[in-house]
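K.L.:
A single structure is presented below for examination.
Just so you know, all these numbers are worked out from the coordinates, no wet-lab data involved. The model shown is predicted, which means the values in this text are computed figures rather than measured ones. Every residue, glycine as well, gets a Cβ built from its backbone with ideal geometry; the counts of neighbours run over all protein chains shown.
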Amino acid sequence: MQPLLDEFNQLCLAQGYDAALDLMLNLPLAATKADSSLYRLLSKWGEYQRLVDMGEQLAAGRGATLNPQNRHVVLGNLGFAYDMLGNFREALRYHQMVKTLVVQNASSGMELGPDADITSLSALASTYHSLGQYKRAMSYSQQVLDKIGGDVSQLIKTGALTIQGAIHSAVGQSRQALNFHEQVYQIAQGLSNSDILSQAIANLGHAYLELAQHEQAFGYLQLAYEMRRQSGGKGALYDSLVSFGTYYSRLGDYEQARSYADQALSLAEQLGSLHKKAVALHNIAHIHMRQERFEQAVVANEAALQLTVLSGDSNAEAAAHSNVGYNLLRLDRPVEAADHYRQGLTIAEQNDQHLIKASILGGFGLLNLYRGDGKAAVRYLKQALAIFVDTDADGQLSTVWHHLGEAYQQVGSSTIALSCYYKALALREAIRYPLIGETHREIAKLELTLLPNVKTKIKAQAERNAKRADWRPYAEAEVLT
């Protein structure tokens, strides 16, 4: 491969940009599969910074010797490489340049290809999704689906449907997300592209995981992991490691979860992706939090926060502020916690990130619980509830119901509090939530307090609830994304 890289550099020095691009994209490598090329292999190996460096060399021609069709390809590839590095602001800049180029050439009667417009819209949708700007992402993705006809590449259709699924998942609409991912899976089975198929399978696993259907989730995630491990793609393998970490964390197996999170962090550092490293650090912080290691959680959260600011990922930045706030609150540092909650809420509201907004409102509710201001806690938690109730985020919804029970207890409304706990319990039992024990405990306390003269049968149920509270180690419920 090195001789080809050297030849590429020589062509660029001589301003032979079109020939350099042809060498990069179209020359099969004899030592690999017949359809492989320099570009495909560098992408699979996660050499995104090298792709950026090569793309910048090609783009340096400023169009003087690079024909419009090739310039369109180069700018699009640069956008993709920056996306993979987690530098979404720079990725967006290149995708917007591609869209402008497509429009300019179309107005002058020179098409850049039958799918050029749709491809540029799809790239913008993907990057806006990564930036957490879901309304814009949904708009561009819907434009792609509206423009798709029978003669348009199925590959492009899978991309648009995948983005739709990812957006629905991000806003807590997991059942709708599952519907889109199932459509992608059906299409992917007919394509000769193992990367697309493994991604579709992984997305099905994520959707089932969000719906707490753990056995189905694990089957899909395991299948995707095996496919990716065999293909050798580092970026996709990273995604599988993150998925397994999330899976085991949901089951309360934090040792396994941490093992996968550490592997993901190591691979993210190899790939040089700010976004991937931030996600891995966030997951490590989440595991520390679940184990009540709040100091370690804050350190990991703050490191993740710095990376999200650099990458321009507003969705992750808002979530990181929420997570730092929660862990600071558990360390009895409410002033600092409130500051992070305020910053996160501002970002979430600016970018229409409703699910994260609900989490932060829940955080403010928890903050006021710690302060002993039950009325303010009820107000914030009801605002969070109004958002979560329209989503499939049952874990977070159950957490809000539980804290609402605590808030009503604080203001002396024990009957309403018991009703809130029952709603939390029903949700937590349905999804096998790891922190269900705390809800059983609170219900037991209230049943025995409110109903001192009830029948023996009801008292026995209350006592069973109290015993069931010990089936998991007690841990404060989270209000996190």
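K.L.:
Could you work out how far the C-alpha centroid of the stretch 172-224 sits from that of the stretch 349-369, in angstrom?
P.N.:
29 Å
K.L.:
Now, a different point. Among Phe218, Phe388, Phe180, which comes first, second and so on when ranked by fewest other beta-carbon atoms within 10 Å?
P.N.:
In increasing order of surrounding Cβ atoms, one gets Phe218, Phe180, Phe388.
K.L.:
What FRET efficiency comes out for the pair Glu56/Glu269, r = Cβ-Cβ distance, R0 = 25 Å, nearest 0.05?
P.N.:
Between Glu56 and Glu269 the formula returns 0.65.
K.L.:
If you don't mind, another one. Please tell me which of these pairs span more than 24 angstrom C-alpha to C-alpha: Lys44/Lys157; Lys44/Lys147; Lys234/Lys357? It would help to have the intermediate numbers written out before the result.
P.N.:
Numbers: Lys44/Lys157 22 Å; Lys44/Lys147 30 Å; Lys234/Lys357 33 Å.
Pairs exceeding 24 Å: Lys44/Lys147; Lys234/Lys357.
K.L.:
What is the gain in length, in nm to one decimal, between Val335 and Leu191 on full extension, counting 0.36 nm per residue of separation less the C-alpha to C-alpha distance? Write out the running numbers ahead of the final one.
P.N.:
Numbers: separation 144, 0.36 × 144 = 51.84 nm, distance 5.44 nm.
Extra length from Val335 to Leu191 when fully extended: 46.4 nm.
K.L.:
May I pose another question? Report, to the nearest 10°, how far helix 116-130 tilts away from the longest principal axis of the Cα atoms in the chain, using its own Cα long axis and a range of 0 to 90°.
P.N.:
30 degrees
K.L.:
Okay, next question. Please identify which residues in the stretch 320-346 have an amide N closer than 20 Å to a label point set 7 Å out from the Cα of Glu295, following the Cα→Cβ vector.
P.N.:
Those under the cut-off are 324-337.
K.L.:
With a 10 Å Cβ neighbour count serving as the proxy for reagent exposure, in which order, fewest first, do Ser43, Ser153 appear?
P.N.:
Sorted ascending by nearby Cβ count, the order is Ser153, Ser43.
K.L.:
Contour minus end-to-end for Ser419 and Gln49, with contour as 0.36 nm per residue of separation and end-to-end as the Cα-Cα distance?
P.N.:
127.7 nm
K.L.:
Continuing with the same structure: Taking the Cα atoms only, what angle lies between the long axis of helix 394-410 and the longest principal axis of the chain, rounded to 10 degrees?
P.N.:
Its long axis makes an angle of about 30 degrees.
K.L.:
Return one number: the angle in degrees, 0 to 90 and rounded to the nearest 10, between the long axis of the Cα atoms of helix 414-431 and the longest principal axis of the Cα atoms of the chain.
P.N.:
In the chain, helix 414-431 runs at an angle near 40 degrees to the longest axis.
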